[in-house]
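In what follows, a single structure is set out as structure tokens and then discussed.
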Amino acid sequence: MRLKEIRKEKGISQLKLALYMNTNQNTISRYESGEREPSLSDLIKIADFSSVSVDYLLERTDKKDINK
């Protein structure tokens, strides 16, 4: 999953993303390290917050723009 790459690109801290998702920073860290998999609803929240598609997050496409 490209979460860490996207988060750093956008200048978003793990804590800021965690607050948006109503979770804790440790959960985001585990998503990024692959220790834990986000639920579908969490994937959608991450994609919406990051303005990328779920497919991009999951490395199913290289197209970042969700509108193209």
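The values are calculated or read from the model by the stated rules, or taken from the named source; none is laboratory data. Values in this document were obtained by computation on a predicted structure and should not be read as measured data. Glycine also receives a Cβ, built like all others from the backbone with ideal geometry; neighbour counts cover every protein chain displayed. Areas reflect the complete protein model, heavy atoms only, side chains present, ligands, DNA and RNA absent. Shrake-Rupley method; radii C 1.70, N 1.55, O 1.52, S 1.80 Å.
Give the residue from LEU15, LEU3, LEU58 lying farthest towards the positive end of the charge dipole for the chain; charges sit on Cβ (+1 for Lys and Arg, -1 for Asp and Glu) and the dipole is referred to the Cα centre.
Most positive-ward Cα: LEU15.
If the chain between LEU19 and LYS4 were fully stretched, how many nm would it gain, using 0.36 nm times the residue separation less the Cα-Cα distance?
Numbers: separation 15, 0.36 × 15 = 5.40 nm, distance 1.60 nm.
Length difference between fully extended and current span is 3.8 nm.
SER33 to LYS63: FRET efficiency via 1/(1 + (r/R0)^6), r the Cβ-Cβ distance, R0 30 Å, to the nearest 0.05?
So the FRET efficiency works out to roughly 0.75.
What does the accessible area per residue of the chain come to in Å², with a 1.4 Å probe and no ligands, DNA or RNA counted? It would help to have the intermediate numbers written out before the result.
Details: 4540 Å² over 68 residues.
Counting only protein heavy atoms, the per-residue value for the chain is 67 Å².
Kyte-Doolittle cut-off 1.6, length cut-off 18 Å along the helix's own axis using Cα: show which whole DSSP H helices in the chain pass.
Long hydrophobic helices here: none detected.
First compute the accessible area of the chain with a 1.4 Å probe, then give the percent of it belonging to carbon and sulfur atoms.
On the way: 1960 of 4540 Å².
Solvent-exposed carbon and sulfur of the chain make up 43 percent of the total.
From the helices alone, meaning DSSP H stretches of at least four residues, give me the mean residue ellipticity at 222 nm for the chain, per-run term -39500 (n - 2.57), in deg cm²/dmol to the nearest 500.
After summing the helix terms and dividing by the residues of the chain, the value is -15000 deg cm²/dmol.
What does the convex hull of the alpha-carbon atoms of the chain project to on average, in nm²?
On the way: hull surface 16.4 nm².
Taking a quarter of the hull surface, the average projection is 4.1 nm².
Need the list of aspartates and glutamates near LYS10 for cross-linking: C-alpha distance under 20 angstrom, and skip anything on the same chain fewer than eight residues off.
Partners within reach: GLU32, ASP42, ASP48, ASP55, GLU59, ASP62, ASP65.
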